[in-house]
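S.K.: One structure follows; several queries about it will come next.
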Amino acid sequence: MDLNIEKIELHYLETKDHKEMATLMEHEYRHLKDSTWDEKDIATLITKFPKGQVGIKIDGEFAGFALSIIVDYSQFEDSHSYKEITGNYTFKTHNPLGNILYGIDVFVSKKYRGLRLGRRLYDYRKELCEELNLKGIIFGGRLPNYHKYANEISPKEYIQRVKAKEIHDPVLNFQLSNDFYVKRVIKNYLEGDHESCEYAALLAWNNIYYTKPKQKPITQKTVIRLGLIQWQVRPYNSIEEVLEQAEYFTKAVSNYRSDFALFPEFFNAPLMSKYNHLSEAEAIRKLAGYTQRFKEEFSSLAIAYNINIITGSMPELIDGHLYNVGFLCRRDGSVEKYAKKHVTPDEEKIWGLQGANEIKTFNTDCGKIGILICYDVEFPELGRLLAKDGMEILFVPFLTDTQNGYSRVRICSQARAIENECYVAIAGCVGNLPKVSNMDIQYAQSAVFTPCDFAFPSNGIKAESTPNTEMILVADVDLDLLKELHTFGAVTNLKDRRDDLYELTLKK
């Protein structure tokens, strides 16, 4: 072929391409009934499935095209007709949630035959099939030379002899050379196709990369966005005012499409101011009376703003025993409780808090997480147990009154990130509460920490807030980087533990 070609380009079809398509087809398919596509048909296909309609231009001249739809093939039999599969040519059978890419038409101008343009169009379909995770490609292939043998052999025998190279069929030969196989012969497939005697070979190509979708759609994200709330303690007259502030911050981090919102430890402590006439131990037990309401309201916020909320912590009274608890309120409406295991000497002495006994990880739509409240993060055994159970992100709501106390939480959190090869997010309260006993001045700088390896910041700090300022901190963490670290890190802490020398077990 003596053609001086400078550029061959594949492009998505537009309605304006119809005129050139029609001109090419009128001559090529003049023997077929209603062979030329109407402009409204092309417009419909482009509207329903723009990626499925592509054309080829050579130096700006229209040279060919491919049309396709997606179908739920379980709704059809292998003996279907072209009219049935296209919904009487309306393409209402196109289903974006289907499992098969169905070929409607492929055409290449005679002028440009021999340039393997058809192969380009079919390769595009295969790539599209893989991109959309479809099971494969199916279409009815014409048998344009069958009319010459119809009085002698059956369509099945004709196909066998084409495969054996005893008969030349330009369409079927091309399909077989492009990795398609014949599923069966279809009778009365395309009305008016006298060359094929209205027979067709049902051709298929299987996508080896296809992954069957789970019955329950689960989206496991790899890049997770964390929203940390650095909460300013201030006087409140009612629980409604605290909830209003909580919704404000939830909305703020949700607007940035965060997957998690982390609140600090005892962010609702200002509500104890109305009980200052009582002892500290009695006042915090009054505060525990609000906990159920906070749990319910935070769960509603999680659903409304499509975000997983870690509620910081608040007191809970169970059978006369006082615990420091919080709730993981998932955006699917489910709620689970976590509790502080180690209480500080001051919490035990002033408030009578007790440590809880359950240690567990939590499954979320963004991976497996752990939650340790403040002082708990200073005990490395807890982080190690959670890491052994698959924790990828550790959340630490805290409340510290001095920079010394804050430094203990921060430094230990960074250590947990390194030794457990995970991300650690910490969030605390700032400001002061002169009218609440045992809740005077707060110091905090919220942050997200990472392991210290080449894929992460060299100092292990992904992001940090301005100290002692009410604000939100939003940061992205990539779970795939953790997977690589576990195997290819400069050091691999999780793998290199000497289990032959020591072990860590959880007592019942």
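Quick note: the coordinates plus some simple rules give every number you see, no bench work behind them. Please read all numbers here as calculations on a predicted model, not as lab measurements. Cβ coordinates were reconstructed from backbone atoms using ideal geometry, including for glycine residues, and neighbour counts include every protein chain displayed.
S.K.: Stretched out fully, how many nm does the piece from ASN306 to LEU504 gain, at 0.36 nm a residue minus the Cα gap?
M.R.: So the chain would gain 67.6 nm between ASN306 and LEU504.
S.K.: How big is the antiparallel share of DSSP beta bridges in the chain, given as a percent to the nearest 5?
M.R.: Around 70 percent antiparallel, to the nearest 5.
S.K.: Ranking VAL325, VAL377 by Cβ neighbours within 10 Å, fewest first, what do you get?
M.R.: Fewest-to-most Cβ neighbours within 10 Å comes out as VAL325, VAL377.
S.K.: For LYS40, which lysines qualify as cross-link partners when the Cα separation must be under 28 Å and same-chain residues fewer than eight apart are set aside?
M.R.: Those lysines meeting the cut-off are LYS16, LYS19, LYS48, LYS51, LYS57, LYS83, LYS92, LYS110, LYS111, LYS126.
S.K.: Report for the range 8-206 the percent antiparallel among DSSP-assigned beta bridges with both residues inside it, nearest 5.
M.R.: Close to 90 percent.
S.K.: Then there's this: Sort CYS429, CYS452, CYS129 so the one with the fewest other Cβ atoms within 10 Å of its own Cβ comes first.
M.R.: Starting with the residue having the fewest Cβ neighbours, the order is CYS452, CYS129, CYS429.
S.K.: Can you tell me which lysines have their Cα less than 18 Å from the Cα of LYS507? Leave out same-chain residues fewer than eight positions away.
M.R.: Excluding near neighbours in sequence, the set is LYS340, LYS341, LYS360, LYS388.
S.K.: Can you compute the helix-only [θ] at 222 nm over the chain? Use -39500 (n - 2.57) per DSSP H run of at least 4 residues, normalise by all residues, nearest 500 deg cm²/dmol.
M.R.: Computed mean residue ellipticity for the chain: -8000 deg cm²/dmol.
S.K.: Rounded to the nearest Å, what's the spacing between the alpha carbon centres of the range 331-359 and the range 133-171? Just the number, please.
M.R.: Centre-to-centre (Cα) distance: 73 Å.
S.K.: Length gain on complete extension for the stretch GLU191 to ASP72, per 0.36 nm per residue less the alpha carbon to alpha carbon distance?
M.R.: Value of the extension gain: 40.5 nm.
S.K.: What do you get for the angle between helix 479-488 and the principal long axis of the chain? Use alpha-carbon atoms, 0 to 90 degrees, nearest ten.
M.R.: Compared with the principal axis, the helix lies near 90 degrees.
S.K.: Please give the helix 18-28 orientation as an angle from the longest Cα principal axis of the chain, in degrees from 0 to 90, rounded to the nearest 10.
M.R.: Computed tilt is about 40 degrees.
S.K.: Sticking with this structure for a sec: Please give every one of the lysines within straight-line cross-link reach of LYS163, meaning a C-alpha to C-alpha distance under 21 Å, and leave out same-chain neighbours fewer than 8 residues apart.
M.R.: Excluding near neighbours in sequence, the set is LYS148, LYS183, LYS187.
S.K.: Measure of size requested: the Rg and Dmax of the chain, with Cα atoms as the atom set and Å as the unit; please supply both.
M.R.: 33.3, 107
S.K.: Taking only C-alpha pairs under 8 Å that are 6+ residues apart, what is the relative contact order of the chain in percent?
M.R.: Rounded, it is 10 percent for the chain.
S.K.: Sticking with this one: Quick check on the exposure proxy: order GLU470, GLU26 from fewest to most C-beta atoms within 10 angstrom.
M.R.: Going from least to most buried by this count: GLU26, GLU470.
S.K.: At what distance in angstrom do the alpha carbon centres of the range 372-397 and the range 39-98 lie from each other?
M.R.: 53 Å
S.K.: Now for a different question. Would you please report the Å³ per residue occupied by the convex hull of the alpha carbon atoms in the range 223-488?
M.R.: 109 Å³
S.K.: Angle between the Cα long axis of helix 403-419 and the longest principal axis of the chain, 0 to 90 degrees, nearest 10?
M.R.: 40 degrees
S.K.: Using the basic label-point model (7 angstrom from Cα toward the beta carbon), what is the GLU84 to ASN459 distance in nanometres?
M.R.: The modelled label-to-label distance comes out at 6.9 nm.
S.K.: How would the range 317-471 be classified by its alpha-carbon gyration tensor: rounded, prolate or oblate, with rounded meaning a/c under 1.5 and the a/b versus b/c comparison settling the rest?
M.R.: Cα axes put the range 317-471 in the oblate bin.
S.K.: May I ask you to list the trypsin sites (Lys or Arg not before Pro) in the range 169-200 that are in a DSSP loop and have at most 16 other Cβ atoms within 10 Å of their Cβ?
M.R.: When the trypsin sites (Lys or Arg not before Pro) of the range 169-200 are filtered for loop state and at most 16 Cβ neighbours within 10 Å, LYS187 remain.
S.K.: So what's the net charge close to ALA22: Lys and Arg +1, Asp and Glu -1, counting the other residues with Cβ under 10 Å from its Cβ?
M.R.: -4
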